[in-house]
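The values are calculated or read from the model by the stated rules, or taken from the named source; none is laboratory data. Predicted, not measured: the structure shown is a model, and the values here were computed from it. FYI the Cβ positions are ideal-geometry reconstructions off the backbone, even for glycines, and counts take in every protein chain you see. Each accessible area value is taken on the protein alone, full model and side chains, heavy atoms only, with ligands, DNA and RNA left out. Shrake-Rupley method; radii C 1.70, N 1.55, O 1.52, S 1.80 Å.
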Amino acid sequence: MQRLSITRPDDWHVHLRDGAALSAVVNFTARQFRRAIVMPNLAPAVTRVADAAAYRDRILAAVDPALHFEPLMTLYLTDQTPASEIIAAANSGIVMAIKLYPAGATTHSNAGVTEITRVYPAIAAMEERGVPLLVHAETTDPHVDVFDREKVYIERVLVPLIARFPKLKMVFEHLTTKEGVAFVQHAPRNVAATLTAHHLLYNRNAMFQGGIRPHFYCLPVLKREEHRTALLSAAVSGSPKFFLGTDTAPHARGKKEHACGCAGMFTAPCALELYAEAFEQANALDKLEGFAAHFGAEFYGLPRNPDKITLVKDTWTMPDHYAFADDVIVPIRANEQVRWRIA
Ligand code: NCD
Ligand code: ZN
């Protein structure tokens, strides 16, 4: 049986939610990943260092202590975030990065940034202090086609942004297009990107296979096959600019199978296994360790994890749902096969 042992990976983009939902999902992430960058899009949003510290305590109270999981916190950038909060974050020892949601772009983004120039003073403080800016890179202009939102955001916002702040550490989160890949490749070294397993494995046809498939609806939305192959090439290229970020985004089944369903895929129960499938598909399993366990830590200036994790080539069937607060949650691959498992 084929086995693959790699340094224990970290997840550089995860939604852990709060309350009963947090308790339902956090151990799926913690059993695979030592550390995770935790998104701040709660309601209300995590906008201050004090909120992040309290949220971190709630995560640590919910997680199985035997897993030694370390949540790395982020702050939610708003039009009003003062430069002083960025400085407090830089000195906090718990907040690792600041997340930029364009207002209206995705789940709980209403308090996000309405116009990029309004947050230039806060971004200047990030550049000066070396605090990474994590960007949900999609325009919210309703006239722009939903499949072009990433490409247009690059042109309108990111190109001017990196010209104005050339030393800013920036992560282009959940990259989904070939234009995004090209942007990151040609940007300076301080610009990197996370890639999800689902965008490496699926194209937009998955949303419409024999009917509408709400569990394949996420943001940024799945794109054409030519984009998926560009993402996979970037992931297996060995470039340290591209690293793992699952964007596991759990929503109760009732909120997904709905007339106006929520965006997000719950991938945490088989995240690393799905990345292994993608890398195997590209004949590049030897590149998985750098992508999953080395490059992200390097970007964030953290040491590599000391322990290892072993993947075994062995097929198992994902349950059709898991318990989730007062509803259930449907994971990716529900009732379908996963081709790797964790030993
Ligand atoms: C995320 C969520 O549900 O919080 N949804 C998603 O589709 N990825 C928000 C986000 O990262 O856009
Ligand atoms: Zn996300």
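Within the chain, antiparallel bridges make up roughly 35 percent of the DSSP beta bridges whose residues both belong there.
On a per residue basis, the chain carries 40 Å² of accessible surface, using protein heavy atoms and a 1.4 Å probe. Listed values for region 251-268 are Karplus-derived 3J(HN,Hα) couplings in whole Hz (6.51 cos²θ - 1.76 cosθ + 1.60, θ = phi - 60°), namely 9, 4, 3, x, 8, 8, 8, 8, 4, 10, x, 6, 8, x, 10, 8, 10, 4, and x replaces Gly and Pro. Taking the Cα atoms of region 70-139, the ratio Rg/Rh between the radius of gyration and the Kirkwood radius comes to 0.95.
Summary of packing: across the peptides 127-138, 239-250, the per-residue average of other C-beta atoms within 10 Å ranks them, highest first, as 239-250, 127-138. With an a/c value under 1.5 for the gyration tensor axes a ≥ b ≥ c computed over the alpha-carbon atoms, the chain is described as rounded.
When a 1.4 Å probe is rolled over the protein heavy atoms, the share of accessible surface on the chain that falls to carbon and sulfur comes to 50 percent.
Measuring between their Cα centroids, region 70-108 and region 5-38 lie 19 Å from each other. Here the average projected area of the convex hull drawn through the C-alpha atoms of region 263-343 stands at 7.1 nm².
A simple packing score, the average count of other Cβ atoms within 10 Å per residue, orders the peptides 36-42, 165-171 as 36-42, 165-171, with the highest score first.
For Ala137, nonlocal amide neighbours, meaning residues 5 or more places apart or on other chains whose placed amide H falls under 5 Å from its own, are Glu173.
The Rg/Rh ratio for region 1-152, using Cα coordinates for both the radius of gyration and the Kirkwood hydrodynamic radius, is 1.01.
Take each peptide in 118-125, 196-203, count the other Cβ atoms within 10 Å of every residue, and average; sorted highest first, the result is 196-203, 118-125. Expressed as a fraction of 2.2 N^0.38 Å, the C-alpha radius of gyration for region 1-60 is 1.32.
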